[in-house]
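The values are calculated or read from the model by the stated rules, or taken from the named source; none is laboratory data. Remember, it's a predicted structure, so these values are computed and weren't measured experimentally. Ideal geometry is used to build each Cβ from the backbone, glycine not excepted, and the neighbour counts take in all protein chains shown.
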Amino acid sequence: MKHKISFSKQLKNIGSRILELSTPLGMIGLITVSIIVILAIIAPWVVPHDPFSMDATKRLTPPFWMDGGSSTYILGTDHVGRDLLSRLIYGSRVSLLVGLLSVLIAGIIGLFLGLLSGYFGGSWIDQSIMRVVDAMLAIPTLLLVLVAIVVFEPGLVTLILVIGLTSWAQYTRLVRGEVLSVKEREFVQSAKTLGASNTHIISKHILPNVLSSFIVVATIGIATAIMTESSLSFLGLGVQPPDITWGSMLNDGRNYIATSWWIATFPGLAITVTVLAITFLGDWLRDILDPKLKKGGDDDDE
Amino acid sequence: MGYLKRSLLQIIPSLLILTLIVFALVYVAGDPVSQMLPENATAEDRAILTEALGLDEPFHIQYLQYLGDMIRGDFGTSYQYQEPALELVTERLAATLTLSLMALSVAIFISIPLGILAALKRNTVIDFLVSGISVVGKAMPNFWIGIMLILFFAVMFPIFPVSGADSPLHFVLPSITLGVALAAEMTRLVRASVLEVIEQEYVQTARSKGQMESIVIGKHVFLNSLIPVVTIIGLQFPQLIGGAIVVETVFSWPGIGRLLLTAIETSDMAVVQAIVFVIALITIVVNLVTDIIYRVLDPRIKYN
Amino acid sequence: MTNNEQHTPLLSVDHLVTEFSAKGNKSITVVDDVSFTVNPGEIVAIVGESGSGKSITSQSIMGLLKSGGSITNGSIHYQGSNILTLSKKERRQLRGKEMSMIFQEPMSSLNPMLRIKSQIAEALRINQPSKSKRETMDNAIDLLKQVEIPDAEAVANRFPHQLSGGMRQRVMIAIALAGDPKLLIADEPTTALDVTTQAQILALIKDLNKRNGTGVIFITHDLSVVADIADRVLVMYAGKIVESATVYDLFEHPQHPYTIGLMKAMPTLDSQVEELEPISGNAPNLANKPEGCAFYPRCPFATEACLTAVPELRTLEKGHDVRCIHPVKEGVLHEK
């Protein structure tokens, strides 16, 4: 049993390794994500204007550095005179909420089915789960989500549920693969011979060992979910007005691209920066949590 | 060709599950009767139509009927267009497939040279730049790329048209827009793959023959690093089609993406079902094709 | 390049130093002041553990150092001219035609995507680009026959993964011989093979050496292989040559404690497996070599003096050099 790594011990190791292994990109990711999260939480207290209040006299004001710009509206206003910066800050709330919650749903389903499928690898349970996974992966997630949107009223809750329920397949596949390899290791085999129950073996021996790669992939999954959410909102099928999202802001701005470029440009920038920061964070987590997943290792033989 | 038979057999359960998912969604959601009848229809009218459509049958009977119709190529009739749904889809399929293939070509033309370059100049400024661009390329939403391209190349410098699919010029912006994400993903993969192959001993063997470095790279490194790249094209294809749906809206491209959005807005379920089925079928075919290419490319699989 | 004078050696390596630097860290000296010569028709073995610098020495000669590696001192003369001063292109033209190489892993040293014939043909065409396709293919089959591959025509059409390890190594040798080189470097060519195949490949190399007068550098970690094949032996440790002698002298009068250790670790027909004594400890970390003699921490004969004095390579008898401040007396090998 001494091969088993307890999760608390793993966490302690991770703590010390964060300092050791801090990379510039990892830190940029961590700091940027933290700033976005904090801004999303304190949005009502920091926005310079009410993001919902329209002012026809101020519509299409350009950012402050341009002719006709004003320092009251740093990033300008949209087609109905709402402050772009305030709306950007509010938009992060929806993106993060959808990203986190949908990955939570997809992750729980994926983890559960993956554990089951991997642990009973080769059995009919495994076979049938993997067939469903194959079917899910054969169609673009976005398409599945779109179909589901027809069925349910578009809105924040629908979006979270639908993205969560349609994107679990990749987690199942990952977890299953991990379980299949962990299962063969000595400590699992010895626990089996000692007569431990399946639930005990899965929760005490297998789960802790697959969790680190799962966390890494789930982190990147948040970025993917944010992308899906903004695509849907851009198509007008996601979060509905008056709720603010970057995707629907972009859709508003699209019609004004010839005259007022800023309306579409800044929300896209916000999505890109957020996704980029989460990706950096995920890559960095991979280096800390899961050295064996590390890509492009340097090799100097002899 | 035994493997072909096997992979085809594996497809069938996947397709069945898929139809089941789609059918279940429609079963839960759809209320074709209210859509088909005028507002002032009586309860009696409703009952007659429900029975006529077989909607009073239990779920599994309805599903079997639906499957049977599908096998005969009958995906139902679009109530909005009053045309067979499958025909509507196949009419517009070519435009979407063209766009996807153009995007794939863009991705290949960008990623292979850049990936090789980055690998050969590993840990230099060039490598850093290429890797940086590919990470950013993956993080940008495609609809935003499309809008930004319109801003630069249609508004600020009016070079390309922004909507429609009439001339070759119309293809430029949409295919770049759709190709960027795949190009970014593939660049990373080509780089990693070349780096792995270049360390292989047979590359040293080629050098020890006195072969020129350019041929060593072109013949021995490139061919071998192509194998994982082919696989990733198959794996990424669903994302490409998914992306096409969005990109088509940005550029008013006359493909199935726009058809799908209209169908969703009007709850035209027959069309939605037909589109999902066709896309899934295409994805499966693409995976099969990449699998075959993979086998043809790699003699270790072909001759075993 | 043809009429080489009788007195110049085929290859002469003088005070070669090869360093590796990894990402701006301080560089590591992997080959440290190595000198030796190879005469035409001679087989010189270089023996050492992994990390001793023997493979890097051969890569330095071939001009095939991996990235990060560079020759920082010394010279390599091939038929009297210093090849380190040549351009990359001239260097490349030496490969295949004048010197070629066989690698350790026959599994990975052939391109998995190409048929055997095209891999041999590639080597042939570099040297004789004017020959017709037909002629090149005939030559390729001839080469396969030369390395004693049965059913050469059929094998030529196969892919590497369809051949056994021994067959693949024969193909490698055929490729190495394609340019009719005067120097063949064999980097652990038999390590990955089973004992029977190993003996066959050794016999083949020796035969080619006798028949064509090819000079051979034979790199191995296995001293028992050396006795069969080599004329002279260099023992390397931590990047340096620690002993150099004719094969007869070395086996009869080994003088460096490391050589003796290697011999004791060598299985012979009449020894029991339990009698084998592996050398204790590990090869030194090249980035952090001990002061004094590099072998000191593992040497059973070490004294206080070995801790500080860096031993020089000394000639004790004619043709027998050893890098040790108190070389071992005779008889040690046989006492228990």
Legend entry - Filter pass, B:V285 being within 16 Å of the chain's Cα centre (by Cα), among the hydrophobic types (A, V, I, L, M, F, W, C), farther than 28 Å from B:L169 by Cβ and within 11 Å of chain A (Cβ to nearest Cβ): yes
Legend entry - Positions within the range C:38-64 being more than 17 Å from C:G80 (Cα to Cα), of a type in the set (A, V, I, L, M) and not in a helix (DSSP H, G or I), in sequence order: C:I43, C:V44, C:A45, C:I46, C:V47, C:L64
Inset, instruction - Filter the range A:249-274 for residues that are without any contact (Cβ under 8 Å) to a residue 24 or more places away in the chain and touching a Gly at 6+ places or on another chain (Cβ under 7 Å) and give the result. - result: A:L250, A:N251, A:A264
Legend entry - Single residue of the range A:237-262 satisfying the filter (within 21 Å of the chain's Cα centre (by Cα) and within 10 Å of another protein chain (Cβ to nearest Cβ)) that is modelled with the lowest pLDDT: A:L237
Inset, instruction - Sort out which residues of the range A:128-160 are within 18 Å of the chain's Cα centre (by Cα) and more than 23 Å from B:S14 (Cα to Cα), and write them in order of number. - result: A:L156, A:V157, A:T158, A:L159, A:I160
Inset, instruction - Please give the number of the condition A:F214 fails out of (1) at pLDDT 85 or above; (2) at positive phi. - result: (2)
Inset, instruction - Filter the range C:160-195 down to the residues that are of a type in the set (V, I, T) and under 17 Å from the mean Cα position of the chain (by Cα), then identify the one that is surrounded by the most Cβ atoms within 10 Å (Cβ to Cβ). - result: C:I185
Inset, instruction - Among the candidates B:A206, B:A154, single out the residue that is within 26 Å of A:S248 (Cα to Cα) and not acidic (D, E). - result: B:A154
Legend entry - Condition met for B:F128 (within 13 Å of another protein chain (Cβ to nearest Cβ), aromatic (F, W, Y), within 30 Å of C:Q59 (Cβ to Cβ) and surrounded by fewer than 22 Cβ atoms within 10 Å (Cβ to Cβ)): yes
Inset, instruction - State all residues of the range C:242-269 that are assigned to a strand (DSSP E or B) and either small (G, A, S) or touching a helix residue (DSSP H, G or I) at 6+ places or on another chain (Cβ under 6 Å) (or both); if no residue qualifies, say none. - result: C:V242, C:E243, C:S244, C:A245
Legend entry - From C:S108, C:S67, C:S130, residue being at the interface with chain B (Cβ under 10 Å from one of its Cβ atoms), assigned to a loop (DSSP other than H, G, I, E, B), farther than 30 Å from C:Q198 by Cβ and at pLDDT below 90: C:S67
Inset, instruction - Please work out if B:A280 is surrounded by 18 or more Cβ atoms within 10 Å (Cβ to Cβ), in contact (Cβ under 8 Å) with a residue 40 or more places away in the chain and within 10 Å of another protein chain (Cβ to nearest Cβ). - result: yes
Inset, instruction - Determine, yes or no, whether B:G234 is buried (at least 23 other Cβ atoms within 10 Å of the Cβ) and either facing another protein chain (nearest Cβ under 7 Å) or of a type in the set (G, A, S) (or both). - result: no
Inset, instruction - Read through the list (1) surrounded by 19 or more Cβ atoms within 10 Å (Cβ to Cβ); (2) farther than 23 Å from C:F295 by Cβ, then give the number of the only condition that C:I46 fails. - result: (2)
Inset, instruction - Being among the charged types (D, E, K, R) and in contact with a Gly (Cβ under 9 Å, 6 or more places away or on another chain) is the filter here, so list the residues in the range C:275-321 that pass it. - result: C:E277, C:K289, C:R298
Inset, instruction - Identify the residue in the range C:289-314 that is of a type outside the set (A, V, I, L, M) and more than 28 Å from the chain's Cα centre (by Cα) and, among all such residues, is surrounded by the most Cβ atoms within 10 Å (Cβ to Cβ). - result: C:C306
Legend entry - Residues located in the range C:149-159, provided they are more than 14 Å from chain B (Cβ to nearest Cβ) and exposed (fewer than 15 other Cβ atoms within 10 Å of the Cβ): C:P150, C:D151, C:E153
Legend entry - Unmet criterion (only one of (1) in contact with a Ser or Thr (Cβ under 9 Å, 6 or more places away or on another chain); (2) under 30 Å from A:P51 (Cβ atoms); (3) in contact (Cβ under 8 Å) with a residue 40 or more places away in the chain) for A:F152: (3)
Inset, instruction - Given the conditions (1) touching a residue at least 40 places away in the same chain (Cβ under 8 Å); (2) within 25 Å of B:I245 (Cα to Cα); (3) more than 9 Å from chain B (Cβ to nearest Cβ); (4) of a type in the set (S, T, N, Q), report the number of the one that A:T158 does not fulfil. - result: (1)
Legend entry - Evaluation of C:S100 against (1) within 26 Å of the chain's Cα centre (by Cα); (2) buried (at least 19 other Cβ atoms within 10 Å of the Cβ); (3) within 11 Å of another protein chain (Cβ to nearest Cβ); (4) at pLDDT below 90 (one fails), failing number: (4)
Inset, instruction - Name every residue in the range B:133-161 that is crowded, with 20+ Cβ neighbours inside 10 Å and either closer than 17 Å to A:A258 by Cβ or facing another protein chain (nearest Cβ under 9 Å) (or both), in order of residue number. - result: B:K138, B:A139, B:M140, B:P141, B:N142, B:F143, B:W144, B:I145, B:G146, B:I147, B:L149, B:I150
